Amino acid sequence: MSLSIGGAAGWYGSKYKEISKDVPGFVKAIKDTVDFVEANNPGLIINGIEFDYEDSTALGFGSPNTKKFVAEYDGVQFMIDVTKQTREAFQDKSVDGNRFLISHAPQFPYMCSEKNKENAKGQTCKVNGCSDDPKEGCGVTNSYEQINKAVGEEIDFYNIQYYNTPIGNQ
């Protein structure tokens, strides 16, 4: 069984901004939750965590042309720190000889490479509702390319959200 942390509902930029100020405390709360659930459910084993992080502005969507989409913290660094510290917190936990799983569930546009970011036109790498007009403050991001370069070896797999982005809705 795996626990999923985050999502769009109830996890707004301001919530993530606060959490980003204390990543060790956030990871400790995750570890404490896993320990509590297992201790109170004999036989149940939590073998992984999935991070469903959806703060688009902190992942690079936005524009200096508008204050509408401006993040007050670095979402890429936040996910790098959370992933590293989660791996460290669960380094001694394995299930049947397999390491504790860490997965991420990014929206499709977060997975764009730098090359795709430069060439993106139309719906290819955009967050739902974004315009091609740079004044709108939307566009594409290569945030997960950066995250993968930094901590890809600590992420066991990605559950990419194709269902709520334009390419997934075609």
When (1) modelled with pLDDT under 95; (2) over 12 Å from the mean Cα position of the chain (by Cα); (3) within 18 Å of residue 52 (Cβ to Cβ) are applied to residue 95, the one that fails is (3)
Checked the stretch 131-161 for anything farther than 19 Å from residue 71 by Cβ, at pLDDT 75 or above and either over 18 Å from the mean Cα position of the chain (by Cα) or hydroxyl-bearing (Ser, Thr, Tyr) (or both); matches are 158
Residue set 45, 80, 49; condition modelled with pLDDT of 95 or more, touching a strand residue (DSSP E or B) at 6+ places or on another chain (Cβ under 8 Å), aliphatic (A, V, I, L, M) and closer than 21 Å to residue 103 by Cα; output residue 49
All-but-one check, residue 100 against (1) within 25 Å of residue 17 (Cα to Cα); (2) at pLDDT 75 or above; (3) open to solvent by less than 30 Å² (accessible area, probe 1.4 Å); (4) not small (Gly, Ala, Ser), failing number (1)
Notebook entry, point to check: Quick check: is even one residue across the stretch 18-35 modelled with pLDDT of 90 or more, open to solvent by 40 Å² or more (accessible area, probe 1.4 Å) and part of a loop (DSSP other than H, G, I, E, B)?
Noted result: yes
The lone condition residue 124 fails out of (1) at pLDDT below 85; (2) open to solvent by less than 40 Å² (accessible area, probe 1.4 Å) is (2)
Filter the stretch 56-76 for residues that are within 21 Å of residue 161 (Cα to Cα) and at pLDDT 85 or above; the one that is surrounded by the fewest Cβ atoms within 10 Å (Cβ to Cβ) is 76
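The values are calculated or read from the model by the stated rules, or taken from the named source; none is laboratory data. Quick caveat, the model's predicted, so the values are computed rather than measured. Here Cβ is always computed from backbone atoms with ideal geometry, including for glycine, and neighbour counts include all displayed protein chains. Please note that ligands, DNA and RNA were not included when accessible areas were found on the heavy atoms of the full protein model with its side chains. Shrake-Rupley method; radii C 1.70, N 1.55, O 1.52, S 1.80 Å.
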